[in-house]
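Worksheet for the structure shown next.
The values are calculated or read from the model by the stated rules, or taken from the named source; none is laboratory data. These figures come from a predicted structure and were not determined experimentally. For neighbour counting, all protein chains shown are included, and Cβ atoms are generated from backbone atoms with ideal geometry for every residue, glycine included. For accessibility, only protein heavy atoms count, side chains too; no ligands or nucleic acids. Shrake-Rupley method; radii C 1.70, N 1.55, O 1.52, S 1.80 Å.
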Amino acid sequence: MNDFDLEEFVNPCIIDKLTEVYEKDETYQELLKAQDLLYEKLEEKLSDELADELEEYFEATVETSARKEKLTYLQGMKDMYNTSLILQDKEKK
């Protein structure tokens, strides 16, 4: 299975499962609230132009982080699959 096929196959699972995990994690929720409060404070102090640029920066950062998370998850799936093949091969011997 190539990278594109694997990503297409597991993407719905990644999104659904991680959404559930994030919603249940109290630490994540606290960090998110703190992040939102800091953003609101910054937004109040910045000019419209700087606030827009900051928003663009945050969006780019979030997209990069989300892609990194997805790649890490996919690599973990590949590693798990390869490890299971190795273990199955050892059991046959």
Check: Can you tell me the accessible area per residue over the chain, all protein chains present, probe 1.4 angstrom, in square angstrom?
Finding: 89 Å²
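Taking 2.2 N^0.38 Å as the expected size of a compact globular protein, what ratio does the Cα radius of gyration of the chain give against it, to two decimals? Display every interim value, and only then the final one.
On the way: Rg = 19.5 Å, N = 93, 2.2 N^0.38 = 12.3 Å.
With N residues counted in the chain, Rg over 2.2 N^0.38 Å equals 1.58.
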Next item on the list: Pick out, from 61, 77, 42, the residue whose Cα sits farthest towards the positive end of the charge dipole of the chain, with +1 on the Cβ of Lys and Arg and -1 on the Cβ of Asp and Glu.
Entry: 77
Checklist line | the chain: calculated mean residue ellipticity at 222 nm from DSSP helix runs of at least 4, using -39500 (n - 2.57) | finding: -33500 deg cm²/dmol
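Can you flag which of 17/78; 24/78; 24/45 are past 23 Å Cα-Cα?
Values: 17/78 18 Å; 24/78 26 Å; 24/45 33 Å.
Those over the limit are 24/78; 24/45.
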Check: In the chain, what percent of the accessible surface is made up of carbon and sulfur (1.4 Å probe, ligands and nucleic acids excluded)?
Finding: 57 percent
